[in-house]
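> For reference, the structure I am asking about is given below.
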Amino acid sequence: QVHLVESGGGLVQAGGSLRLSCAASGIILGINRMGWYRQAPGKQRELVATIASGGNINYTNSVKGRFTISLSDAKSTVYLQMNSLKPEDTAVYYCNADLVVGFGGSTVDSWGQGTLVTVSS
């Protein structure tokens, strides 16, 4: 069983910065991909950024140049550095992980519980 624990959300003024962290725990044999999604009130969940174990990174266009995703394989932790935050970045941010787990080496896709980011104007 895999657990994802997110931290780092909060309230910040427009133009400010926050750093989100998501740590995976369990019998983790490898990381295929980890990433961040967000869901604003009344909207569908959308991809923010993903990073694969080979280093391939994807960002949604609206955060390019402002957000940076990084991965610590040793800690099974993914980070999202968010700079120049805008009110439209306000959302619940969810961590997602595609991991190789357990003694059998099966692949699981897991979600965190979400952390709220609020950007005031």
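The values are calculated or read from the model by the stated rules, or taken from the named source; none is laboratory data. Being a predicted model, the structure only gives us computed values, none of them experimental. Glycine also receives a Cβ, built like all others from the backbone with ideal geometry; neighbour counts cover every protein chain displayed. What goes into the accessible areas is simple: the full protein's heavy atoms, side chains included, and nothing from ligands, DNA or RNA. Shrake-Rupley method; radii C 1.70, N 1.55, O 1.52, S 1.80 Å.
> Starting from region 39-55, keep only residues that are at pLDDT below 95, then list their pairs with residues that are open to solvent by less than 90 Å² (accessible area, probe 1.4 Å) and in a loop (DSSP other than H, G, I, E, B) whose Cβ atoms are within a distance under 8 Å, requiring at least 6 positions of separation or different chains.
Note: pairs meeting the criteria are 53/73.
> If a residue must be surrounded by fewer than 17 Cβ atoms within 10 Å (Cβ to Cβ) and in a strand (DSSP E or B), how many such residues does region 69-121 contain?
The number of residues fulfilling the criteria is 12.
> In contact with a strand residue (DSSP E or B) (Cβ under 8 Å, 6 or more places away or on another chain) and either free of Cβ contacts under 8 Å to residues at least 60 places away in the same chain or within 15 Å of residue 17 (Cβ to Cβ) (or both) - does that describe any residue in region 93-103?
Keep residues of region 93-103 that are in contact with a strand residue (DSSP E or B) (Cβ under 8 Å, 6 or more places away or on another chain), which gives 93-102.
From what is left, the residues that are either free of Cβ contacts under 8 Å to residues at least 60 places away in the same chain or within 15 Å of residue 17 (Cβ to Cβ) (or both) are 93.
Checked against the condition, which is being in contact with a strand residue (DSSP E or B) (Cβ under 8 Å, 6 or more places away or on another chain) and either free of Cβ contacts under 8 Å to residues at least 60 places away in the same chain or within 15 Å of residue 17 (Cβ to Cβ) (or both), region 93-103 yields at least one hit.
> Could you pull out every one of the strands (runs of 3 or more DSSP E) wholly within region 1-64 that has 1 or more residues that are surrounded by fewer than 16 Cβ atoms within 10 Å (Cβ to Cβ) and touching an Asp or Glu at 6+ places or on another chain (Cβ under 8 Å)? Walk me through it before giving the result.
Numbers: elements: 3-7, 10-13, 18-25, 28-39, 46-52, 57-59.
Hits in region 1-64: 28-39.
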